[in-house]
1. What number of residues within region A:73-85 satisfy the criterion of being more than 14 Å from residue A:57 (Cβ to Cβ), crowded, with 18+ Cβ neighbours inside 10 Å, modelled with pLDDT of 90 or more and out of contact with any helix residue (DSSP H, G or I) (no Cβ under 6 Å at 6 or more places or on another chain)?
2. Give the residues of region B:176-190 that are within 10 Å of chain A (Cβ to nearest Cβ) and at pLDDT 85 or above, sorted by residue number.
3. Can you name the residue in region B:119-145 that is in contact (Cβ under 8 Å) with a residue 40 or more places away in the chain, closer than 29 Å to residue A:66 by Cβ and out of contact with any strand residue (DSSP E or B) (no Cβ under 9 Å at 6 or more places or on another chain) and is also nearest to the other protein chains (Cβ to nearest Cβ) among such residues?
4. Which of the residues that make up region A:37-56 are more than 9 Å from chain B (Cβ to nearest Cβ) and assigned to a loop (DSSP other than H, G, I, E, B)?
5. Please tell me if residue A:112 is surrounded by 16 or more Cβ atoms within 10 Å (Cβ to Cβ), away from chain B (no Cβ under 14 Å), touching a strand residue (DSSP E or B) at 6+ places or on another chain (Cβ under 6 Å) and part of a helix (DSSP H, G or I).
6. State which residue is farthest from residue A:71 (Cα to Cα) when the search covers only region B:146-164 and only residues that are more than 8 Å from chain A (Cβ to nearest Cβ) and surrounded by 15 or more Cβ atoms within 10 Å (Cβ to Cβ).
7. Look through region A:95-104, keep the residues that are touching a helix residue (DSSP H, G or I) at 6+ places or on another chain (Cβ under 7 Å) and on the phi < 0 side of the Ramachandran plot, and return whichever of them is surrounded by the most Cβ atoms within 10 Å (Cβ to Cβ).
8. Which residues, taken from region B:47-74, are touching a residue at least 12 places away in the same chain (Cβ under 8 Å) and within 21 Å of residue B:9 (Cβ to Cβ)?
């Protein structure tokens with residue numbers, strides 16, 4: 001194994017990434033970007049939300065999609081975890097349930113890229129037992 | 001929860017919800033004392049004694065989206081299964097400290113799991129929060145401090161996928177240094 005990575009190496013790495021990032025248009029306006037929120041409360045974490053979040057981060061970068069991936073709390077759909085909320089620019093947020101890497105791939109290809117709705121959406125009209 | 005890193009991710013979310021600006025995660029592996037200790041401390045808004053006494057009750061939560069709150073309950077259950085325990089100190093306005101002790105060699109102690117991925121997920125998703133992660137094992141101590149990282153990165157974001165990947169490998173390599181018995185693959189880190 002090579003030398004352990006240090007902060008100095010990190011600085012070098014930063015320069016390298018920076019020169020590449022400028023090629024892609026940088027946007028500081030979140031409303032113009034695709035927003036992906038992964039539910040990460042106890043229920044989400046236990047169902048594998050971290051892997052899904054990593055998948056979105058890596059795949060969106062690989063496929064050159066300008067997006068912000070963040071985490072959010074429990075939306076009350078614990079039965080359907082991992083859940084992700086996708087907000088396309090200018091559109092209402094849409095929540096997808098039971099997201100695995102296969103579903104995540106479908107979300108990226110069909111919904112994020114083409115804007116086409118796919119199975120697995122949790123409708124906003126869904127009511128819990130109390131309501 | 002499959003492993004201890006998931007518990008850490010979960011409990012640290014509580015700190016984020018409590019508006020913490022600094023989260024300290026410390027893992028102390030002590031084979032001589034046969035203990036595995038995880039401390040998660042924050043400077044968030046803290047809890048009153050009444051709330052603090054009830055947080056490990058699975059039917060207690062301050063959330064409004066659901067009626068159960070099992071994060072700390074699960075951590076306590078897992079710690080107690082190994083003959084350990086958890087204790088929680090909190091003071092309103094000052095912060096909260098969750099300390100969990102596991103018996104190191106107990107068969108029911110979950111593996112640590114992907115701790116580097118967990119730390120990176122936390123810092124990348126919450127750039128405004130600082131995080132200090134210290135890990136002590138038989139060969140020494142490793143400290144990961146986002147304040148140092150942010151200073152080195154200047155205006156570059158930690159959430160950049162290349163930077164994330166780099167930091168992930170950096171933590172893993174350093175953990176292997178302090179505990180050479182562990183496989184390099186973070187997912188199998190015990």
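The values are calculated or read from the model by the stated rules, or taken from the named source; none is laboratory data. These numbers were taken from a predicted model, which means no experiment stands behind them. As a convention, Cβ positions derive from the backbone with ideal geometry for all residues, glycine included, and neighbour counts pool all protein chains shown.
1. 3
2. Within region B:176-190, B:176, B:177 qualify.
3. Ranking the qualifying residues of region B:119-145, first place goes to B:120.
4. Result: A:47, single match.
5. Numbers: surrounded by 16 or more Cβ atoms within 10 Å (Cβ to Cβ): yes; away from chain B (no Cβ under 14 Å): yes; touching a strand residue (DSSP E or B) at 6+ places or on another chain (Cβ under 6 Å): yes; part of a helix (DSSP H, G or I): yes.
Yes; evaluated as a whole, the condition is true for this residue.
6. Narrowing region B:146-164 to residues more than 8 Å from chain A (Cβ to nearest Cβ): B:146-147, B:150-151, B:155, B:157-158.
Cutting the leftovers down to surrounded by 15 or more Cβ atoms within 10 Å (Cβ to Cβ) gives us B:146, B:150, B:158.
Details: B:146: 19, B:150: 20, B:158: 15 Å.
Checking each candidate, the answer is B:150.
7. The qualifying residue surrounded by the most Cβ atoms within 10 Å (Cβ to Cβ) is A:99.
8. If the condition is that a residue be touching a residue at least 12 places away in the same chain (Cβ under 8 Å) and within 21 Å of residue B:9 (Cβ to Cβ), then B:47, B:55, B:56, B:58, B:69, B:70, B:71, B:72, B:73, B:74 are the ones that fit.
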